[in-house]
Amino acid sequence: SVMPQALDYFTGLFSTERNKRHIERRCEKTKSNYEQQQHFITDSPWSAFDVMEMVGRKCQKRLGSVKDQAYSIDESSNRKSGKHSVGVSA
């Protein structure tokens with residue numbers, strides 16, 4: 001299963017500083033194995049298109065069919081707080 005490597009990959013991606021998101025830094029943050037992460041990145045059998053389709057379906061289900069709406073994914077890893085942060089609805 002590629003799930004442990006996927007979890008380590010995304011955990012490392014979201015927990016490292018913006019300019020330091022290389023594989024070595026992600027592996028340090030997650031204590032994951034460099035070779036396994038490299039293999040996950042280069043040889044994983046999953047489809048990026050299928051992942052985007054799944055995220056789109058889940059967002060549409062959550063947001064409903066209201067016209068003119070969007071679901072933004074903030075990859076900066078900055079925690080949002082309060083009602084007045086950019087991108088946070090009341």
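Here are the numbers:
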{"read-out": "Distance between region 33-65 and region 2-22 - C-alpha centres, whole angstrom", "value": "13"}
{"read-out": "Charge context of Ile23, other residues only, Cβ under 12 angstrom, K/R +1, D/E -1", "value": "+1"}
{"read-out": "Inter-site label distance for Lys67 and Lys31 at 7 Å from Cα along Cβ, in nm", "value": "5.3"}
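FYI, it's all coordinate maths here, none of it is from the lab. Given the structure is predicted, the values throughout are model-derived calculations rather than measurements. Virtual Cβ from ideal backbone geometry, glycine too; neighbours counted across all protein chains shown.
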